[in-house]
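Below is one structure, written out as structure tokens; the observations come after it.
The values are calculated or read from the model by the stated rules, or taken from the named source; none is laboratory data. All values reported here derive from a predicted model rather than from experimental measurement. Don't worry about glycine lacking a Cβ; one is built from the backbone with ideal geometry, like all the others, and counts go over all protein chains shown. Surface areas here come from the heavy atoms of the whole protein model, side chains and all, with no ligands, DNA or RNA. Shrake-Rupley method; radii C 1.70, N 1.55, O 1.52, S 1.80 Å.
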2 protein chains.
Amino acid sequence: MATGRTHRPATRSRGIPEATVARLPLYLRALTALSERSVPTVSSEELAAAAGVNSAKLRKDFSYLGSYGTRGVGYDVEYLVYQISRELGLTQDWPVVIVGIGNLGAALANYGGFSARGFRVAALIDADPAMAGKPVAGMAVQHTDDLEKIIEENGVSIGVIATPAGAAQQVSERLIAAGVTSILNFAPTVLSVPDGVDVRKVDLSIELQILAFHEQRKAGEEAAAAASEPGSAVGGAAPAAAVVPPAGRTAAEARKGGPEGDVPAVMPA
Amino acid sequence: MATGRTHRPATRSRGIPEATVARLPLYLRALTALSERSVPTVSSEELAAAAGVNSAKLRKDFSYLGSYGTRGVGYDVEYLVYQISRELGLTQDWPVVIVGIGNLGAALANYGGFSARGFRVAALIDADPAMAGKPVAGMAVQHTDDLEKIIEENGVSIGVIATPAGAAQQVSERLIAAGVTSILNFAPTVLSVPDGVDVRKVDLSIELQILAFHEQRKAGEEAAAAASEPGSAVGGAAPAAAVVPPAGRTAAEARKGGPEGDVPAVMPA
DNA sequence: CAATCTTTGTGCACGCGTTCACAAAGGCAT
DNA sequence: ATGCCTTTGTGAACGCGTGCACAAAGATTG
């Protein structure tokens, strides 16, 4: 289609919706699996099933990248792998540093998924002098003192923070000052960074808490179906109200009931 | 406001938007920190800043839970901690099992953020017989054979999968058959589960790929600002196009150019 | 007790993302 | 070459989430 497309680059190049970008790695993974099985083409329906999304959504996502795909046939697997890789910037090599080599940092260093996708762990950095020099994932841990030097010498622009929460902000500032412009943060803190720096956060306990919310809702509905006792219906198998509300309130306490009226039941008089 | 609230429970109890639920743990963390510093009250503005969100959004989020908060003053920290904990189901104890005790599984087992939030690691399970009995995080690893028994005896409803991708689907099926209804999946695969089972996925490499996309865009814009050479502008410091497009295409290849016109430059004739 | 000041709670509008549904496009069989 | 059949690409409608802006509520001060 080298014919009628001279006016769209600006619209599309920066116009790929964030939600679509977040799904591209998913498609890429599914396509890679198909590629390894030497499947030549896939329909949007098949690929959508493999990636766990709606086929219409997948087609719209691909439409932002361009018109790859042949009507009546589907998409060429290899070609699409290449296009998505290129769009995501995976046709080049991204050196990353991991800061904070505790349990999680070590797990990340050993994680095969990084190198498989064009990411190269350039260095492991830790603040503990006792860690310095120790081999983790076949690589010697380096001390925080050399952070700036490491970033600059390796041209690192992506940093992974796996430190305790208390150290994260300071580490991020040093990383950014040294030239890092993208951060993947595993520390349970909100990082404040200047404009132009991207931060993505992964918080393991948050995910569990979201699951707990839904789990509780399921249990609550079950119980509500059996008996509609407002005081003790919530919290299926495990004993509810292991925590009592704090006593630090005075006026507000008496005034406000819980949302369902089940709080008074567990509130101390 | 204890007066006119007799018709809302149904609207609210199941009406908390998913986006709000996902932010509650964030608020909870910020509030816990304030609580430890013995701060009695916070305004929506302050709390929003601490949680890294917009204050209007925070107030709207809280409004789904009920009318906690006092106009002119703010929110009572302790009271809010309790309300959010209760809403998230953290006032009860959730036993979880971790399946797959590799680097990541071990890191999760050692992760303090779980027990701090009402989650209790009930068991560590691995398929490798050599792992069985080994202590990880002060707990003996158990073999997959006993998975069902462990789930039932401990009343586990939340499972964490940290196995290789190939084993994840089968593990999930066994977990679900044994009674688990919520799964946190770290394996890079799409799990297909029956209705009523919640799955949340965390994929470390996907997060990095999203960062790489933005990183590439930054580099591309920089380069585009300097020179507007369409063939080689993309890919700042690192050499672009380390991967060449596959040769498996015939007709489609000639027909379709890249989105910016930069594909022809790296395509083999 | 009245006036003022602070901060919540929310109605409203806007924009993004999702989904439906279908016309256009291309392969394939006859 | 023609018609049929499959699948893409996308216009349009819908719904959710976000942010603004303000009225209502309560504390506080004189």
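Write down, largest first, the equivalent ellipsoid semi-axes of region B:91-145 in whole Å, where each equals the square root of 5 times an eigenvalue of the alpha-carbon gyration tensor.
Values for region B:91-145, descending: 21, 11, 8 Å.
On a C-alpha basis, how far is the centre of region A:119-165 from the centre of region B:151-183 in Å? Whole number, if you could?
Answer, in whole Å: 35.
Distance cut-off 32 Å, Cα to Cα: go down the list A:Lys57/B:Lys218; B:Lys57/B:Lys218; A:Lys218/B:Lys134; B:Lys149/B:Lys201 and report the pairs above it.
Violating the 32 Å limit, Cα to Cα: A:Lys218/B:Lys134.
Summed for both chains, how many Å² of accessible area, to the nearest 100, are buried between A and B with a 1.4 Å probe?
8800
Using a label point 7 Å beyond Cα on the Cα-Cβ vector, give me the inter-copy distances for A:Gly15 in nanometres, one decimal, shortest first.
Label-point distances to the other copies, shortest first: 3.8 nm.
Which FRET efficiency value, to the nearest 0.05, is calculated for A:Lys149 and A:Asp128 with the Förster distance at 25 angstrom and r the Cβ-Cβ distance?
Computed FRET efficiency for A:Lys149 and A:Asp128: 0.85.
Which trypsin sites (Lys or Arg not before Pro) in region A:55-104 pass both tests, a DSSP loop state and at most 11 other beta-carbon atoms within 10 Å?
A:Arg71
Please report the carbon-and-sulfur percent of the accessible area for region A:34-130; probe 1.4 Å, protein heavy atoms only, DNA, RNA and ligands left out.
49
Calculate the FRET efficiency for B:Arg59 and B:Ser38 from the Cβ-Cβ distance with a Förster distance of 22 Å, rounded to the nearest 0.05.
After rounding to 0.05, the efficiency reads 0.40.
How high is the FRET efficiency from A:Ala140 to A:Ala178, r the C-beta distance, R0 30 Å, rounded to 0.05?
0.90
Looking at region B:9-88 from every direction and averaging, what is the projected area of its Cα convex hull in nm²?
4.8
Can you list, shortest first in nanometers, how far B:Ser115 lies from the same residue in the other copies, with each label 7 Å from Cα toward Cβ?
For B:Ser115, the other copies' label points sit at 3.4 nm, shortest first.
In square angstrom, what is the accessible area per residue of region B:78-232 with a 1.4 angstrom probe?
38
List, largest first, the extents of the alpha carbons of region B:94-202 along their principal axes, each in whole Å.
35, 30, 27
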